[in-house]
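What follows is a set of notes on a single structure, which appears directly below.
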Amino acid sequence: MNLRIKKNFVTKMLLGLSTIAFLSGCVNDQSDKTYDDAVDIPTNQEMVAELTSPPFVPTPVGKRMAKKLIVDLEIQEREGEMVGGVKYVYWTFGGTVPGSFIRTRVGDELEFHLKNHPDNKLPHNIDLHAVNGPGGGAESSFVAPGHEKVFSFKVLNPGLYVYHCATAPVGMHIANGMYGLILVEPEGGLEPVDREYYVMQGEFYTEGGYGDRGMQAFDMQKAINENPDYVVFNGHVGALTGDNAMTAKVGETVRLFVGNGGPSLISSFHVIGEIFDKVHVEGGDLLNHNVQTTLIPASGSAIVEFKVDTPGSFILVDHSMFRAFNKGALAMLNVEGEENKKVFTGEIHDGIYLPEGSVIQSMPSLDRKKAKEEVKALSFEEKMKFGKDKYMATCVACHQGNGQGIAGAFPPLAKSDYLNADVDRAIDIVLHGKTGEITVNGEKYNSVMTAQALSDEEVSNVLTYVYNSWGNSKKEVTPQMVEAVRNR
Amino acid sequence: MVTVKGGVYLPLYGAADQLIDVDSFMMDVLPVTNTDYLKFVQENPKWKKSNVKALFADKSYLAKWTDDTSFTGLPDAPVNNVSWFAAKKYCECQGKRLPTMDEWEFAAMANEDVQDARKIKSYNQYILNWYEAPRTYNKSVGSTFKNYWGIYDLHGLVWEWTQDFNSVLISGESRKDQDKDSNLFCGSAAIGASDLMNYAAFMRYAFRGSMKARYSSQNLGFRCAKDIEKLDVGQKDL
C-alpha cells in the first residue's frame, strides 16, 4: 500500500507519465517486504482462482502479492470408467479424480465456495490440510445436496497439501474419489521449471475383481480389509498412459506434484529410469536430493523434480510392484529429443545366461470358476471391444498401446511374423507363459512372459483383438480353440 | 397403512446400553407420490410453488415442477424437493404425522424376512449400492422390496424426512469429541458410533444432519405415520 502512495505522488508531479504509472500497477503487484508471521501478510485485490483438472496445474503464483482468492468448487457424483468396460460411480471435487488443483501463495485469503450439485444424493464437505482451524474447514463446509457453503481462511504454511471429504463414512467418501491437492507457494513462488504435472494415487475397492465388466459397486468389506482391486494414478487405469501420457523434451526439468489420496495404502513412488534430483519430502520444506523412491503417506504428498536427460518413455509406478502391473498403478512420461550416449548407451551386448532352476512363472489361476458370471461377447464387434478392454487392462504394460512392444525387452505384436505364423502357439503362450529366446520380425528377444489367469472366453477375445489389429492376419480365435490348447 | 409392532432397538448413536423403546405405530406402505402431492397443493394453495413462504421452503421447493400444478417425472414416483414444513403439513392434512427418526429407523431395519437385518451383509450392501446409484428418485413407488412389516421403498428411491430429522447431528462440527451429538466427521465419527460396520446408517444420519427444515432436495421425499390410538378413533374414516 505504501508503494502505491509513493507512485501516486509521482504521477501528480508529472501528468504525462500517467500511463507509466498505470503500467507500474503490475510492478506494484510485487513486493519484497517480508513478514515474520504469515498472518500479517496483507491481501490486496480479489481474484478468482484458476482451477485445473489433472494432470494439469494452474499458472505459478510467481512474484504476485497475496490476494483474496475466490475458489469455486462443485461436488459431482458421476459415473465414469475405471478400465475398459468397468463402470464406477465416482464422487468428485470438480468432476475429476483427483479433484481440481488449487494453487495459492502464503498469505492468500481464500474465500471457498463449496457447491453440492442438486442431483447428488449425499451431503459432503471439505477438509483442507492447508487450513489452520477446526476440521480443516470440514465443519464450516458441510453442505446438503443443492446447496452452497462459503467459508474463508488464510493460508499460512507453504507446502503441498491434500484436501478430502470428511463426511461420515469418511473412508467411503475418500475411497470413491473425494480428494485432491492444494499447493501453497512460498513468498516469491517456487523456482520456475519447464513442466509441471499433477499426479495423485488412490485405490478403489469394487464388488467384482480387477477388470470384471459392468457397473461395479463400492465394496465395504474389501475397504475395511484394505484389499483394493485397483490402485491407480488419477482416478482410473490408463489415465496417464498411451495418448494421455505426460510429455517433456530432453533437457527440461519436470516437476511433479504427487499426492496420495489413499484411503489406506502408502505409495512407494518411483519413476522407472529417472532419479529425483530434488524431493520436497512429504510436500514440506525439507529437501532431499538424488532420491530413487519416495514414500507418500495416505493423505500426504511430495513434490519431486528431475531433469530428463534422455529420450524415451519413463514409467511412473507405485513400486509395490503388483499394484503397478496387476492393479493399474502405472503412468507414463514421454520424453522426446536427441539421444545422449554419454548418459545412456542402450544395449551393447546380449549374451546367454541360464542359471539353474529357471522355470516359467505362473499367475495364480482363478480355478476357472469365473465362467458362471462372465459376460460373453455375442458378436465379432463385441469380441473386439471386450478384447481391446482386456488388452488395455492386461497386455498394454509390456506390449504397448499399438502393439509395438519395447525394443530389446518386449516383442511387438503389430505385424508380427512370430504371432501370425502359429495361432495355437500364441494361445499356448497366453495360457502358459513363455521364456527363452525367440525371433520376432528379425529381432531377437529373450525375456519372460508370465502365464495369464484368463478364461477361455477372455483369451479368445484378446487374441481376436490382437489378430485383427495393427496389420496382423485377421484370424478369429474362438473359446473352443483356446479350450483345445488348454486341454492338450 | 400397516402396523409396525413396537420394540427395543439400539440406534447407531448412543452407548451400548442405551436401548430405545419404540411404541407400536402405523406407517404408510408407500412414499407420497407426485400425484398425491399435486392433489395436496390443489387443496392447499398456500403450499403451491409460487405461494409458499420462504420461511417454510427455500428456492429449491418443487424445483422441477414447471408451474404450480405440473410436476415432471412419473406420476407415481415419490415427490421430492419438498421441505420439512411442507411434508409435516401434508401429513397433518391427512390426519397423520411424520414418523419420528426412531420409528423410521426401527421400521427400516427390516429386510424381506426379519425385523432387524442390520447385521446381514447383503442388506447393508443393498443400501450402500442404492446410495451410490444415481437418479433413483424417478422410479415408481413400490418398485423396491416389501419388508417384514409390509412397507416398501424405505431404501432404494429417495431419502425420507422424519419428524426429528436433525436431533442427532445439528451443527456439523467436526472433531469435537465432547459433544456426542455433533461428531459425525472423520475420527470422531467412529468414536461416537455403536456399530462400526453400519456405514449405511452413517450416511443417513449425515444426510439428515446436512438438512434444515426449509431445505428441500432432489433425492428427498417422505411418508406419513400415525399413532395406534389415533387410528382407533379414526377407524370409521378408513
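Details
- Here the residues B:PHE56, A:PHE306, A:PHE325, ranked from fewest to most Cβ neighbours within 10 Å of their Cβ, fall in the order A:PHE325, B:PHE56, A:PHE306.
- Taking a straight Cα-Cα cut-off under 26 Å and skipping sequence neighbours fewer than 8 places away in the same chain, the lysines within cross-link reach of A:LYS415 are A:LYS383, A:LYS385, A:LYS388, A:LYS390, A:LYS434, A:LYS444, A:LYS474, A:LYS475.
- Segments B:220-228, A:421-429, A:144-152 sorted - mean Cβ within 10 Å per residue, highest first: B:220-228, A:144-152, A:421-429
- Loop-resident chymotrypsin sites (Phe, Trp or Tyr not before Pro) (DSSP state other than H, G, I, E or B) in segment A:436-484 with no more than 13 further Cβ atoms inside 10 Å of their Cβ are absent.
- Reducing segment A:443-485 and segment A:216-277 to their Cα centroids gives an inter-centroid distance of 28 Å.
- Note on segment A:195-336: Rg/Rh from Cα positions, Kirkwood definition for Rh, rounded to two decimals, is 0.99.
- Going by neighbour counts of Cβ atoms within 10 Å, the residues B:ASP68, A:ASP194, A:ASP127, A:ASP243 line up, fewest first, as A:ASP243, A:ASP194, B:ASP68, A:ASP127.
- Judged by the mean number of other Cβ atoms found within 10 Å, the most tightly packed of the peptides A:198-204, A:34-40, A:431-437, A:254-260 leads the ranking A:198-204, A:254-260, A:431-437, A:34-40.
- Within segment B:72-166, GluC sites (Glu not before Pro) in DSSP loop having at most 16 other beta-carbon neighbours inside 10 Å: B:GLU112
- Total lysine pairs in segment A:195-336 at Cα distances under 25 Å, for residues eight or more apart or on different chains: 4.
- Summary of the geometry: segment B:74-110 and segment A:127-142, compared by the centres of their Cα atoms, lie 34 Å apart.
- Inter-chain shielding of B:55-61 (mean C-beta neighbours from other protein chains, 10 Å cut-off): 1
- For the peptide A:219-228, the mean number of other protein chain Cβ atoms found within 10 angstrom of a residue's Cβ is 2.
- Computed on segment A:41-185, with alpha-carbon pairs under 8 angstrom and 6+ residues apart, the relative contact order is 25 percent.
- Pairwise label distance in nanometres, A:ASP40 with B:ARG135, each label 7 Å out on the Cα-Cβ vector: 5.7 nm
- With coordinates expressed along the principal axes, the C-alpha atoms belonging to segment B:40-86 extend over 28, 19, 17 Å, beginning with the largest.
- Most simply put, segment A:195-336 has about 75% antiparallel DSSP beta bridges, counting only bridges with both residues inside it.
- Flagged links, alpha-carbon separation over 21 Å, of A:LYS115/B:LYS88; B:LYS59/B:LYS96; B:LYS88/B:LYS226; B:LYS39/B:LYS212: A:LYS115/B:LYS88; B:LYS59/B:LYS96; B:LYS39/B:LYS212
- Loop-located chymotrypsin sites (Phe, Trp or Tyr not before Pro) in segment A:42-116 (DSSP state not H, G, I, E or B) with no more than 16 neighbouring Cβ atoms inside 10 Å: A:PHE56.
- Label-point separation in nm, A:SER313 to A:ALA421, each point 7 Å along Cα→Cβ: 2.5 nm
- Computed over chain A, relative contact order equals 10 percent, with contacts defined as Cα pairs under 8 Å that lie 6+ residues apart.
- Rounded to 5, percent antiparallel among DSSP beta bridges of the protein assembly as shown: 70 percent
Readers should treat all values here as calculations from the given coordinates under stated rules, not as data from a laboratory. Here the structure is a predicted model, which is why all the values come from computation and not from measurement. Here Cβ is always computed from backbone atoms with ideal geometry, including for glycine, and neighbour counts include all displayed protein chains.
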